[in-house]
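Undergrad: Dropping a structure here in structure tokens format, bear with me for questions.
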Amino acid sequence: MKLERLLSIIVILINRRIIQAKELAERFEVSVRTIYRDIDALNNAGIPVVTYQGSGGGIGLAEGYRLDRNLLTNDEFAAIVTALRSLSTTYTGDSHGHLVDKINSIIPESVSEAFQIKTSQMLIDLSPWGKRNPLEDKLKLIKQAIGQLHLIRFTYVNVKGESSTRTVEPYTLIMKGQQWYLYAYCSMRSGFRMFKLNRIKELTVTNSVYLRRPLPEEPLPWDHDWYREENLARLQLRIFPPARQLAEESFGVDQLHKETDKDSWLAAISFPEDNWLYGFILSFGEHVEVISPPHIRQIIQDKAMAIAALYAKT
């Protein structure tokens, strides 16, 4: 998100001699202070952005400076466009499309067709099927709060169904396993925590401003905690024909091995053990059987019997 804003600022400064910091802040829905931090970041990257004082002053590129289009290769520009298009599938209202158009405009006409082919080779669509992302409003509010360094307050419901009111300093939005999370400093816990957006309700952005803290030095949770060895459950599954195609798409065709003299396949997989895993296994219905470990086999059996009992009553 910050990279997108920095690239957009560069393109704007190339096309306009001077622009007001306030205008940039309004365009990107961030504070003027954030714009000046962006300017510092651009200067540190070797792009001479200067501030002109007095009447008609503002922010502009140093006299005589021109951005070399060869700073990035066409393949690198194509990778940026692909990433922006994929990001735009998660929620609307951002300027991803405008930035894609600006990048396309600086691609030489002689390679334009080849560039379009490169940018059409892949698209990661993270949006849900058939409906607007129900988290879109939360994403927009949290993104706004991060940009303006405002505290946010919400009610959080944990996996046990317990509710608590949290006031946090929002730092990063993360999509992991097709789920959105917020990484924030929680005043209640006096430390950084991960919050699943689907478990957040009654979200409000406060008027209180915070100073960004240095992030913890240890590996960040979305890089490390999900797949720590001690968190992983190693499963052996038996896959029956109706679930074969879905299992191949979920685990990879090389993970399925045909059982001798049987119309079934075995798969050995590792996943963090939590309620998501149980639900994922149950989503295959009677077409996937947990062989090991025994405790997960028992959990799936208990849940299946509880489901059967529920429907038997009604």
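Undergrad: Looking for something outside any helix (DSSP H, G or I), at pLDDT 90 or above and under 29 Å from Lys196 (Cα atoms) - is there at least one such residue anywhere in region 250-266?
TA: No; the residues of region 250-266 include none that is outside any helix (DSSP H, G or I), at pLDDT 90 or above and under 29 Å from Lys196 (Cα atoms).
Undergrad: Could you give every pair whose Cβ atoms fall below 7 Å, whose first residue belongs to region 17-29 and is closer than 17 Å to Ile142 by Cα, and whose second residue is assigned to a helix (DSSP H, G or I) and of a type in the set (Lys, Arg), counting only separations of at least 6 or pairs across chains?
TA: Phe28/Arg5
Undergrad: Inspect all residues belonging to region 16-26 and state whether any of them is polar (S, T, N, Q) and either part of a helix (DSSP H, G or I) or crowded, with 16+ Cβ neighbours inside 10 Å (or both). Quick ask: steps written out before the conclusion?
TA: The initial filter retains those residues of region 16-26 that are polar (S, T, N, Q), namely 20.
Of the ones still in play, those that are also either part of a helix (DSSP H, G or I) or crowded, with 16+ Cβ neighbours inside 10 Å (or both) are none.
The answer is no; no qualifying residue exists.
Undergrad: How about region 286-308: which of its residues are assigned to a helix (DSSP H, G or I) and either among the charged types (D, E, K, R) or surrounded by 15 or more Cβ atoms within 10 Å (Cβ to Cβ) (or both)?
TA: Residues of region 286-308 assigned to a helix (DSSP H, G or I): 286-287, 294-308.
Hits for region 286-308 are Glu286, His287, Ile296, Arg297, Ile299, Ile300, Asp302, Lys303.
Undergrad: Out of Leu151, Leu182, I need the residue that is among the aliphatic types (A, V, I, L, M) and over 19 Å from the mean Cα position of the chain (by Cα). Which one? If you could, list the steps in order and put the result at the bottom.
TA: Values: Leu182 fails: over 19 Å from the mean Cα position of the chain (by Cα).
Of the residues listed, the single one that is among the aliphatic types (A, V, I, L, M) and over 19 Å from the mean Cα position of the chain (by Cα) is Leu151.
Undergrad: Kindly provide the set of residues from region 40-58 that are surrounded by 14 or more Cβ atoms within 10 Å (Cβ to Cβ) and either modelled with pLDDT of 85 or more or not hydrophobic (A, V, I, L, M, F, W, C) (or both), ordered by number.
TA: The answer is Gly58, and nothing else.
Undergrad: Related question: Give me the pairs, please: first residue somewhere in region 257-268 and over 11 Å from Gln236 (Cβ atoms), second residue anywhere and part of a strand (DSSP E or B) and aromatic (Phe, Trp, Tyr), beta-carbon distance under 8 Å, and either six or more positions apart or on two chains.
TA: Going by the 8 Å Cβ cut-off, the qualifying pairs are Lys258/Trp265; Glu259/Trp265.
Undergrad: How many residues are surrounded by 11 or more Cβ atoms within 10 Å (Cβ to Cβ), of a type outside the set (Gly, Ala, Ser), modelled with pLDDT of 80 or more and not in a helix (DSSP H, G or I) if we restrict to region 113-170?
TA: Result for region 113-170: 15.
Undergrad: Among Ile80, Ile10, which is the only one that is closer than 26 Å to Ile142 by Cα, at pLDDT 70 or above and either touching a His at 6+ places or on another chain (Cβ under 6 Å) or aliphatic (A, V, I, L, M) (or both)? Steps first, answer last, please.
TA: Working: Ile80 fails: at pLDDT 70 or above.
Every option except Ile10 fails the conditions.
The values are calculated or read from the model by the stated rules, or taken from the named source; none is laboratory data. Only a predicted model underlies this, so the values are computations on that prediction, with no experimental measurement involved. Cβ: placed from backbone, ideal geometry, glycine included. Neighbour counts: every protein chain shown.
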